[in-house]
Structure formats: structure tokens, C-alpha cells
Amino acid sequence: MAKKILMVLTSHAELGNTGEKTGFWVEEFAAPYYAFRDAGVEVTLASPNGGQPPIDPTSTLADFQTDATKRYDADSAAQALMANTKVLSEVNSTDFDAVFYPGGHGPLWDLVENTDSISLIESFIKEQKPVAAVCHASAVFLNTKDADGNALVAGKKVTGFTNSEEAAVQLTDIVPFLVEDELIKKGGDYQKTDDWGVLVLEDGLVITGQNPASSELAAKKLLTKLG
């Protein structure tokens, strides 16, 4: 039986009050998606609103293209899947072996306090199934609890988009909070490497990646965890 992974994307398109757009970061979806597909995994996509999740326009610029993003741009089947994501409230953890959250700034606004997302993650944990997130999406774990009712990240090695990386993209004053600061406040053993370097941490059932460059390795660690 093929393994089944749920990927949860943001439905939020507004970059604070800047008038600019945000959404999910293409590489953070594409690199894990193809790692999963190439491993024979069945992938299902979901988002809070269902349908087409917004793409962060910056992530489509030439500077941020990778082999995975180019593959996605040429993959009409994957694009059709993306255009028809399931509504998050209608998916069930029992139908999947793991969940993966791609980042981009969008999740900071609509997934961190989303009760469907929180209960979904907690269900995966109770079922002893791994949960993974990369970059800003590590924030989806901030309000989730473990099976004992403690903060999920408390005492766990975790990473996510760093304060210095946020400063580098000049959005420190735009985002609703800083991922690094909040993971630390929740008791996480927050770790980081150099800006834009690759870092993925695995602690129990929780896998987190620091930034876009870490997304493929995060996916591969999740695959290894599934065996």
C-alpha cells in the first residue's frame, strides 16, 4: 500500500496592510511534493478555503527558481491538483500517514490559530503519526498540544524562519509575529544555522525546516520516518 501524505497550504493572500500579496512559497511546496511523488507517495492537498491557494508572487521570480519549481511550472497535473485543494475542515488524519505544511508568509495569518489545523495536527500526534513544516509554517505548531496536553514544541528541537532572515527580506515590521521568537516563547529548543542555509530538525514526531532551502530535506526526513 502506498503511503499517503496530506499537504496543507495557506489560503491567505494579503501581506499585512502593505497592499502587496503573499501566499505559499512555490519551492516549499514543489520540492517536497516531488520528493513525495518520486517516492511513490500519494499526495492530497488541502487549504482552509479549498480551491486554489494563493502563490506568493515573489516566489515566482527568476532568482527563486529551482529544478522543483521549474518541474511544477511544466506539470499541468500538479497545477490542477493545486487548483482544487480540499477544504481543510473536511479532511481527516485517519486517512493519512503524515502531514506536511509548506511555508510562505501566508500561514502566519490563517493557519496558526485555525482550529481545524490545530485539531488536525493534534490528531496526527495522538495517532503517533509524524507532522512536518518548513520555514514560516513551523508556526502552525505554536498553538498545538501533545497527547499530554502540553505545548507540542515545548522541550523539542525545532526550527523555522529566523529573525535575521525576516530582517533580510525586510518584513520584520509587517508580519504579525516572528517565528523564531514565538517558538522560543512556547518552550521550544529553537535552533538555527546561517541565513538561507539548510537545517532540518527531527524530534519525536515533529519535523521542522528553517527556510525554503530546507524544504526538500524536511520532506526526505519525513519519508525516512514513514519507512
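The values are calculated or read from the model by the stated rules, or taken from the named source; none is laboratory data. Worth saying up front: this structure is predicted, and the values here are computed from it rather than measured. Positions of Cβ are backbone-derived with ideal geometry, glycine not excepted, and every protein chain shown enters the neighbour counts. To get the accessible areas, we keep the full protein, side chains included, count just its heavy atoms, and leave off ligands, DNA and RNA. Shrake-Rupley method; radii C 1.70, N 1.55, O 1.52, S 1.80 Å.
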(request) List the helices (runs of 4 or more DSSP H) that sit entirely inside the range 1-90 and contain at least 2 residues that are among the polar types (S, T, N, Q). (result) 76-83
(message) Between a residue in the range 117-128 that is without any contact (Cβ under 8 Å) to a residue 40 or more places away in the chain and any residue that is among the small types (Gly, Ala, Ser), which pairs come within a Cβ distance under 7 Å, given they are 6 or more apart or on different chains?
(response) 123/93; 126/147; 127/93
(request) Quickly run through the range 162-182 and pick out the residues that are in a helix (DSSP H, G or I), among the hydrophobic types (A, V, I, L, M, F, W, C) and open to solvent by 40 Å² or more (accessible area, probe 1.4 Å). (result) 167, 168
(request) Return the total of residues in the range 141-172 being out of contact with any helix residue (DSSP H, G or I) (no Cβ under 6 Å at 6 or more places or on another chain) and among the hydrophobic types (A, V, I, L, M, F, W, C). (result) 7
(request) Just name the residue that is farthest from residue 183 (Cα to Cα) out of those in the range 207-226 that are among the β-branched types (Val, Ile, Thr) and crowded, with 24+ Cβ neighbours inside 10 Å. (result) 207
(message) Take residue 152 and tell me if it is more than 17 Å from the chain's Cα centre (by Cα) and in contact (Cβ under 8 Å) with a residue 12 or more places away in the chain.
(response) no
(message) I'm checking my understanding of the structure. Among residues of the range 1-46 that are among the acidic types (Asp, Glu) and buried (at least 24 other Cβ atoms within 10 Å of the Cβ), which one is farthest from residue 161 (Cα to Cα)?
(response) 27
(request) Go through the residues of the range 185-204 one by one and say whether even a single one is within 16 Å of the chain's Cα centre (by Cα), outside any strand (DSSP E or B), modelled with pLDDT of 95 or more and among the polar types (S, T, N, Q). (result) no
(request) Take the residues in the range 183-206 that are among the basic types (Lys, Arg) and over 22 Å from residue 27 (Cβ atoms), then tell me which one is least open to solvent (accessible area, probe 1.4 Å). (result) 186
(request) Return a yes/no flag: does the range 132-139 have any residue that is open to solvent by 10 Å² or more (accessible area, probe 1.4 Å) and without any contact (Cβ under 8 Å) to a residue 60 or more places away in the chain. (result) no
(request) Report whether or not residue 101 is farther than 23 Å from residue 171 by Cα, open to solvent by less than 50 Å² (accessible area, probe 1.4 Å), modelled with pLDDT of 95 or more and not hydrophobic (A, V, I, L, M, F, W, C). (result) no
